[in-house]
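Undergrad: What follows is a single structure, and I will ask about it in a moment.
Read-outs: derived from the displayed coordinates by stated rules, not from any lab. Remember, predicted model here, so these are calculated numbers, not experimental data. Virtual Cβ from ideal backbone geometry, glycine too; neighbours counted across all protein chains shown.
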Amino acid sequence: MKDQTFAEEVELEVPHEAYPIEWWFFQGTISSQDEQYEFMVSFFRINVSPKNEPVKSGYSVLLTFLDVKTGENYVLSQIDNSILDGIFKRIELLDDSEVDRELAKVLSQELKKHGPPRPIKLSESFAEITHTPLKISWNDLLIQQMGNEFLLDFFIPKNEKHVSVILKPKYSRILLESEERNKSLKGEMTYATYPSMKLTGIINDQKVNGEAWFDHQWGDYCWFVTDDASKKVLGWDWFGMNLSDGTDVIILIHKHMRTNEIIFASAVVHSKQSHSIIYNDVLVKHLKFWESPRTHIKYPVVCQIHIPELDFEAIYEPLIDDQEIMIIGNSRAIWEGAGKVKGKLNGKEIYGRARAEFYGYGYIFDFQNYLQTLADRVDKRIEEFFPKKFENADIEKFVGKPFWQHEPEAYSKLLATPVWDLISRRGKRWRPIFGILMVEALGVASLNYEASACLAELVHSGALIIDDIEDNSLLRRGEQCLHLKYGLDVAINAGNTLYFLPSVELFNHKYLSDLKKLRIHEIMMKTYLQAHFGQTVDIYWSKYLSEENLKLWMNDSLEEKILQLYDYKTAAGAKGLAEVAAVIAEVDDKMKQICIDYARAFAVAFQIVDDIHNFSDSPRWTKVCGEDISCGKLTYVIVRAIKNLESKKSSRLINILCSPEQRKNADALQEGIELVKNSGAIEECKEKAKKMSLDENSRFGENIPSCEPKIMLSMLCLKMLDLAYDT
C-alpha cells in the first residue's frame, strides 16, 4: 500500500486583528472500532470596539458532535461578555437594514436585561490567544498549531467525553481572496482552507482516526450585509465535500436573503490531477426543507448540486435533519450539518462525506411572516385532526365503531363543510400561537403538544358560530355568518360539536400522564364555563339595554364589569392555554399564576384594542366602522367615551346607543361615531391596553429565563397593541 502524502509546509494560521471578523473552522469524521462520529468546531473572533477606538475582541464558539449510530447530536453555542456587549452594536449596524426593526429592538432589550437566549451559553471567562504559533484556549477548548499539524482538544457538550485529535493536511493550503471569487461584494474576505486532513487521536482513552477539514476566514462584514445604502442582508448555502475519487469540492452560494436573489455562486475543486480550479457556473436546487421545532426556521436540508463545466451532479443529504445551532443576534440560528453526497463526476459514479451550512434563513424581515409560518402549522394540525371530508375511520376516531352503520355524508356536509368554511376565512390564529410559544417559553419542546394547542382554534371557531347566532350578526370575517348560510340548526350543531372535539385529542394523548390529562380536562371545563358566563353578561347588557338601565349600570362599576366580561369571554381561552402549558412544564404555582396573569392581560388588552378597531374606517380592518354602536353593544371604549363627554354630549351618545331607530339611522350612527372619536376615549383605551399588556409582559419576562419564545411572545404583544390582528 502506497504511503499517504502530506503537505510539505503548513502556513501559520495567526489572527488578523485588523479585520473586524475572523473564524477558524474544523469539521470531520471520527471512527473507533464500530463507532462513528461527526464533529464541527468553529471559533470566532469579532471586533466589538467602536470605530476609532483600540481594537477589542470578543469570542464565540460553536461545537457539535454527532453520534452517527444513535443520531444524538451534542451542541454547544457559547459567547463571552464582550460578544454580548458587541451584539448591541451589530444590531445598531443593521438599524436601517431590512430586518424587522421592532423585533430587533425587543431582542436587544432582552439581551440587555436577561442575557443570551437559551441554549446559548454565556462564559464568564475569556479566551486566550497566542499568535505565533497559533494557540487558542477557552475553558475546555484548545486549538493549537504545532508545525505542520493542528491539535484540537475539547470535551463533548453534555456528554463530557474528552476528545483530543491531531489533524495533518494532505496538501498545501488553498488561499482565496475576495476578488478572485466575487467582484460584486464590496469589502474583503479572505478564505484559507485545507479541505483534506488526516485525523488521529483519542476519545477518552480509546484510539480513533478519521478525516478532517479546516477553514480560516478573515475580513469585514461584506459576507453578512452589503456595504451600501441598501444594506441588504446576506446569507449563504455552503458545501464542503470529500469525494470517493480524492476530489475535494467547496461550493458557496451567496444570496440576498429577503428576495433569495443569488449574489454570486462559485465552486473550488481540487483533484489529484490538477491544482484548485474555480468555477462560477454553479447551480443548487433545494429538494427538501426541514422546519426547526425550536425556531420554526425552514432549512433546505436536501440539495441537488450541479457544476455544468465539470460535468458534476450530485445530491447532498444530511445524516439527520436536526443539526441546527442557536446563535446570538438577528440571524437567530444556523444549520450546520454532516451528511453524504452521491452523484456523477465526468460520467463516473462518485460518493463521499459532506457538510452543509445554511446561514441567514433565520432572519425575520416582517414579523407577520413569522406568525404566518406558525399559523400554517396550526392549520396543518387542525386538518390532520378534523377532516375536510369524513370517512368511516374519521368518524370512529371521534365516536367509536358503529353498532349498525355510520353516515359519512352527513358529517361531511353538516360538520366538515361549514366548519372548514369558517376556518378557511383565516383569522390570525393568535390563540394557538400564544399557546405554542407559552409551552416553549416554559422550556418544553412544543412538537409533542402543539396539536392540542392548535385545537383551541376549533373551540374558538365554535364560540364564534354561537356568538354570531346570539348577536344576530350578518357577517363573520367578511362573509355571511354560518347560521345564515347553512341554517340555524346546522350552525348550532356544528358550533356545539367543536367544543367537545378537543377532548378526543386529550384522552388519546400519548405524552401526557393520566394525572395531567385529568388536570387539563378540568382546565378545559373551567374555560368553557368562564366563556359562557362572560357571554351571559354580554347578552344581558344587550337584551336589557335602555337609557334608564345604562345610567344605573354606569353608577355601578360598569367599566370593571366590562373588564371582567373580557376576562371571561375573551381571555378564557388564552388563560386556559397558559395554565395547560404550566401543567405540561410542571412549573410551581407561583409561575403558573404569572403565566395566567400574563395571558389575561394579553387577551383583555387585545379585546380593548379590538374595541378600538371598531372606530377605524381604514381598509386595513375587516370591521365595519361603528358596528358596536349600531348593534347596541357596551364596550370598554364606548363606556369610557360616555364618561369622558360633557353632560349633553354624553346623553346624546347614550340616546343613540340605546335607540334601535337611532342606531339604524346613518346620520345618527355617524354622530355617535364622532362623539366617541372626539371623547378622548380611544387614546385612553390605547394607553390602558398598552400598560396592562406591557406590565404583565415585563413581569413574565423577569421570571422566565431568556429564550427565543419569550422574545416572540413579547413581539406578539407589541403587534397586538399595534392593532395588527383581527379575530
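Undergrad: About its Cα centre, how strong a charge dipole does region 624-727 have in debye, to the nearest 20, once Lys and Arg get +1 and Asp and Glu get -1 at the Cβ? Let's see the in-between values first.
TA: Numbers: 16 positive and 16 negative charges, 56 e Å.
Computed charge dipole of region 624-727: roughly 260 debye.
Undergrad: Given I433, V269, A229, which one lies farthest toward the positive end of the charge dipole of the chain, if we put +1 on the Cβ of every Lys and Arg and -1 on the Cβ of every Asp and Glu?
TA: I433
Undergrad: Which of the chymotrypsin sites (Phe, Trp or Tyr not before Pro) found in region 529-613 are in a DSSP loop and have at most 14 neighbouring Cβ atoms, other than their own, within 10 Å?
TA: Working: sites: F533, Y540, W541, Y544, W553, Y566, Y568, Y598, F602, F606; in loops: Y544.
The qualifying sites are Y544.
Undergrad: Indicate, rounded to the nearest 5 percent, the antiparallel portion of the DSSP beta bridges found entirely in the chain. Please report the intermediate quantities before stating the final value.
TA: Values: 148 of 152 bridges.
Rounded to the nearest five, the antiparallel share is 95 percent.
Undergrad: Using alpha-carbon positions, what is the distance between the centroids of region 525-543 and region 572-611, in Å?
TA: Here the two parts' Cα centres lie 19 Å apart.
Undergrad: Something else: For K340, enumerate residues with amide H under 5 Å from its amide H, sequence gap 5+ or separate chain, H modeled in the peptide plane.
TA: E317, L319, A354
Undergrad: Hey, another quick one. Within a 10 angstrom radius of the beta carbon, how do V106, V504 rank from fewest other beta carbons to most? It would help to have the intermediate numbers written out before the result.
TA: Numbers: V106 20, V504 15.
Sorted ascending by nearby Cβ count, the order is V504, V106.
Undergrad: Please list 3J(HN,Hα) in residue order for region 34-42, calculated via the Karplus relation 6.51 cos²θ - 1.76 cosθ + 1.60 where θ = phi - 60°; whole Hz, with x for glycine and proline.
TA: Per-residue couplings from phi come out as 9, 9, 9, 10, 10, 10, 8, 10, 10 Hz.
Undergrad: Report the GluC sites (Glu not before Pro) located in region 631-713 that are in a DSSP loop and have at most 12 other Cβ atoms inside 10 Å of their Cβ, or state none.
TA: Details: sites: E646, E661, E671, E674, E683, E684, E687, E696, E702; in loops: E646.
Loop-located and lightly packed - E646.
Undergrad: Now a separate question. Quick check on the exposure proxy: order H296, H131 from fewest to most C-beta atoms within 10 angstrom. Can you show the working numbers first?
TA: Values: H296 22, H131 10.
Ranking H296, H131 by Cβ neighbours within 10 Å, fewest first, gives H131, H296.
Undergrad: Next question, about the same structure. Go ahead and estimate [θ] at 222 nm for the chain from helices alone: -39,500 (n - 2.57) per DSSP H run with n ≥ 4, summed, over the residue count, rounded to 500.
TA: Working: 24 runs with 294 residues, N = 727.
Only helices count here, giving -12500 deg cm²/dmol.
Undergrad: Counting pairs of alpha carbon atoms under 8 Å apart in space and at least six apart in sequence, what relative contact order in percent does region 21-359 give? Can you show the working numbers first?
TA: Details: 807 pairs, mean separation 42.6, N = 339.
The value is 13 percent.
Undergrad: Would you kindly derive the ³J(HN,Hα) couplings of region 413-424 from the backbone phi angles with the Karplus curve 6.51 cos²θ - 1.76 cosθ + 1.60 (θ = phi - 60°), listing them in order in whole Hz, with x for Gly and Pro?
TA: So the J values, rounded to whole Hz, are 6, 9, 10, 4, 4, x, 5, 6, 4, 5, 4, 5.
Undergrad: Please arrange R45, R101 by counting, for each residue, the other beta carbons lying within 10 Å of its beta carbon, fewest first.
TA: Values: R45 23, R101 14.
In increasing order of surrounding Cβ atoms, one gets R101, R45.
Undergrad: Then there's this: Over region 480-573, what is the mean sequence separation of C-alpha contacts under 8 Å (at least six apart), divided by residue count, expressed as relative contact order in percent? Could the numbers behind the result be given before it?
TA: Working: 35 pairs, mean separation 28.8, N = 94.
Over region 480-573, the number comes to 31 percent.
Undergrad: Here's something else I'd like to know. Would you work out the charge dipole size for the chain about its Cα centre, treating the Cβ of every Lys and Arg as +1 and the Cβ of every Asp and Glu as -1, and quote it to the nearest 20 debye? Intermediate values should be presented prior to the final figure.
TA: Working: 87 positive and 108 negative charges, 230 e Å.
Charge dipole of the chain: 1100 debye, to the nearest 20.
Undergrad: Related question: Name the shape class, rounded, prolate or oblate, that the alpha-carbon gyration tensor gives for the chain, where a ≥ b ≥ c are the square roots of its eigenvalues, rounded holds for a/c under 1.5, and otherwise prolate holds if a/b is larger than b/c and oblate otherwise. Don't skip to the answer; put the middle values down first.
TA: Numbers: a/c = 2.45, a/b = 1.97, b/c = 1.24.
The shape class here is prolate.
Undergrad: Past 24 Å, Cα to Cα: identify those pairs from K575/K710; K517/K719; K288/K510; K648/K677; K643/K691, in the order given.
TA: Values: K575/K710 17 Å; K517/K719 33 Å; K288/K510 29 Å; K648/K677 16 Å; K643/K691 20 Å.
As for pairs spanning more than 24 Å Cα to Cα, those are K517/K719; K288/K510.
Undergrad: Once amide H atoms are built 1.01 Å from N in the peptide plane, which residues 5 or more positions from K232, or in another chain, come under 5 Å H to H?
TA: Those qualifying (amide H under 5 Å, at least 5 residues apart or on another chain) are T226.
Undergrad: Loop only by DSSP, 15 or fewer other Cβ within 10 Å of the Cβ. Give me the trypsin sites (Lys or Arg not before Pro) in region 616-715 that pass, ordered by residue number. Before the final figure, lay out each step's value.
TA: Working: sites: R620, K623, K633, R640, K643, K648, K649, R652, R663, K664, K677, K686, K688, K690, K691, R699, K710; in loops: R620, K623, K633.
Qualifying residues, ordered by number: R620.
Undergrad: Using Cα pairs under 8 angstrom and six or more residues apart, how large is the relative contact order of the chain, in percent? Kindly include the intermediate steps, with their values, before the conclusion.
TA: Numbers: 1349 pairs, mean separation 64.0, N = 727.
So the answer I get is 9 percent.
Undergrad: Just want the answer: with Cβ charges of +1 for Lys and Arg and -1 for Asp and Glu, which residue in Q36, S473, I46 is farthest toward the dipole's positive end in the chain?
TA: Comparing the listed Cα positions along the dipole, S473 ranks first.
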